[in-house]
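The next block holds one structure in the form of structure tokens; read it before the comments.
The values are calculated or read from the model by the stated rules, or taken from the named source; none is laboratory data. Remember, predicted model here, so these are calculated numbers, not experimental data. Positions of Cβ are generated from backbone atoms using ideal geometry, with glycine treated the same way; all protein chains shown enter the neighbour counts.
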Amino acid sequence: MTSLLALVRKGVRAISFVLLALLVVTPLAQVVMRGIFNVPMSGAEELARYFLISLSFVAASYVTEQGGQIRMEEFQGLLPPRPRWILQLVIELAGIAMFGVMFAAGAITIADNLQNQTATLEMPFWLFMGPLVVGTLLLVVETLLMFVHTLRRRRPEEKQTVLT
């Protein structure tokens, strides 16, 4: 199970790097095509927006696993250990619930719109909304793992601001 999770995390990181590169290259290609060759790239804005949305949702689980999400650690540091531990558990449970609702809403929306497509690129709707469903499912898993870890420790996580 641990090796599968490590493989998924490695895949998420690789996909995130590819999406970031595509997010940078797409507007650059649009500028080059329009400025040098005087031939605009049709749908470049929609494609760049898709890469941005995909990157945001897919990479969010990696950010969570690395401890990079906003946690208001300065506020938590003012609390005694026991209330801080309870607050961390409540925050993680709320995250699991919220990401679970987003996952379900995305899956239902895709199921209800299987025949639709985006306006400019005519991309199938399931492909356009897919990163939301995949990303929120990964967020549910990572947040659940954080919750289990915090619960088993029986004490709060220490402050760990990550600036990478």
Region 116-163, residues that are of a type outside the set (A, V, I, L, M), more than 21 Å from the chain's Cα centre (by Cα) and either assigned to a helix (DSSP H, G or I) or under 16 Å from GLU92 (Cα atoms) (or both): THR150, ARG152, ARG153, ARG154, ARG155, PRO156, GLU157, GLU158, LYS159
Within region 42-59, can one find any residue that is farther than 26 Å from THR118 by Cβ and of a type in the set (A, V, I, L, M, F, W, C)? no
Here the qualifying pairs (Cβ atoms under 8 Å; residues six or more apart or on different chains; first in region 128-144 and free of Cβ contacts under 8 Å to residues at least 24 places away in the same chain and over 10 Å from VAL58 (Cβ atoms); second buried (at least 20 other Cβ atoms within 10 Å of the Cβ) and not hydrophobic (A, V, I, L, M, F, W, C)) come out as MET129/GLY106
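Restricting the search to region 106-115, which residues are surrounded by 14 or more Cβ atoms within 10 Å (Cβ to Cβ) and part of a helix (DSSP H, G or I)? Walk me through how you get there before you give the answer.
Pass one, region 106-115, residues surrounded by 14 or more Cβ atoms within 10 Å (Cβ to Cβ): 106-107, 109-110, 113.
Within region 106-115, GLY106, ALA107, THR109, ILE110 qualify.
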Is there a residue being at pLDDT 95 or above and over 27 Å from PRO156 (Cβ atoms) anywhere in region 58-81? yes
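State which residue is nearest to GLU46 (Cα to Cα) when the search covers only region 118-133 and only residues that are surrounded by 15 or more Cβ atoms within 10 Å (Cβ to Cβ) and among the β-branched types (Val, Ile, Thr).
Of everything passing the filter in region 118-133, THR118 is nearest to GLU46 (Cα to Cα).
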Which numbered condition trips up LEU47, out of (1) of a type outside the set (Gly, Ala, Ser); (2) buried (at least 18 other Cβ atoms within 10 Å of the Cβ); (3) within 20 Å of the chain's Cα centre (by Cα); (4) at pLDDT 95 or above? (4)
Look through region 88-115, keep the residues that are over 18 Å from the mean Cα position of the chain (by Cα) and free of Cβ contacts under 8 Å to residues at least 12 places away in the same chain, and return whichever of them is nearest to VAL148 (Cα to Cα). VAL90
